[in-house]
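The structure under discussion appears below in the form of structure tokens.
Throughout, read-outs are computed from the coordinates displayed, never taken from laboratory work. Please read these numbers as outputs of a predicted model, since none were measured by experiment. Here the Cβ positions follow ideal geometry from the backbone for every residue, glycine too, while neighbour counts run over all protein chains shown.
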Amino acid sequence: MNNDPARRIATGWRSLRYLADNRTIPTWNLDNINVTTTRDPQNRAYFFVTLDDVPSRTNVWAHAADARTYFPSQDTPSGIASVSDAVDAKIEIVFPQGNAPVVQATRVNVSAMLFKPGTLLSVPPDSRFVVHLWRALNQGVGEDVGVGQMRLVSSAALTYPVWDWNDVDVSAARDPASKYFLRLTVDGAQTNSNVWAHGVDARTYFPQVDAPVGECE
């Protein structure tokens, strides 16, 4: 929801879909997903799927009256947590170069932080996490933009790590019909990532259901 890290809400059940050419393909269904909070136009929900024990990529589905991400206040860590095998990964800012509006921006800089799940306790400053930024265009599956460069930020009380990606291409979003969805994964850790929507209109508009051309081996 909004700029919060995603949480698993359902496990799909398998069924068969029958195609016009008499082929059948497996599909996975997730029923009775509660979206009542998005009746408030200030709220937005983003959905994506993961597969257990299988490397995979996913698209993102945006459900909202207005699915754009509006520059939320960047988090301030409340302390430092010990390293664990699960993290909340949060994109904190997506800044168009030159402060350009979406319809003109061609590249953005992205910054993210990692927290102990359900808290604002940052991972330690000596962390060696490998953090990937994923970018999906419209209903396409995400592509790995690359590994973030870690830097340390010091405040009066804390020193904590931040990961940066510079010169990320978002030029397709200059077309009002296109939008990008950004999210994170962390190597070797269960990652609860938020989703950042970048576009003039980030809503998902009932795309045509895919018709597979064949079976993989």
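Please report, in cubic angstrom per residue, the volume enclosed by the convex hull of the alpha-carbon atoms of the chain. Working shown, then result.
Values: hull volume 32.1 nm³, N = 217.
Measuring per residue, one finds 148 Å³ for the Cα hull of the chain.
Between Val83 and Asp40, the simple spin-label model (points 7 angstrom out along Cα→Cβ) gives 3.9 nm. Pairwise Cα separations in the stretch 139-208 fall into 5 Å bins from 0 onward with the following percentages, short to long: 3, 12, 18, 22, 16, 13, 9, 5, 2, 1, 0.
Computed over the stretch 86-147, the percent of Cα pairs more than 18 Å apart is 50. As a ratio to 2.2 N^0.38 Å, the alpha-carbon radius of gyration computed for the stretch 1-122 takes the value 1.35.
Counting only Cβ charges, +1 for Lys and Arg and -1 for Asp and Glu, the dipole size of the stretch 122-189 around its Cα centre is about 180 debye. Averaged over residues, the count of other Cβ atoms within 10 Å places the peptides 190-198, 15-23, 60-68 in the sequence 190-198, 60-68, 15-23, highest first.
Stretched out straight at 0.36 nm per residue, the stretch from Ala20 to Ala177 would grow longer than its current Cα-Cα span by 53.5 nm.
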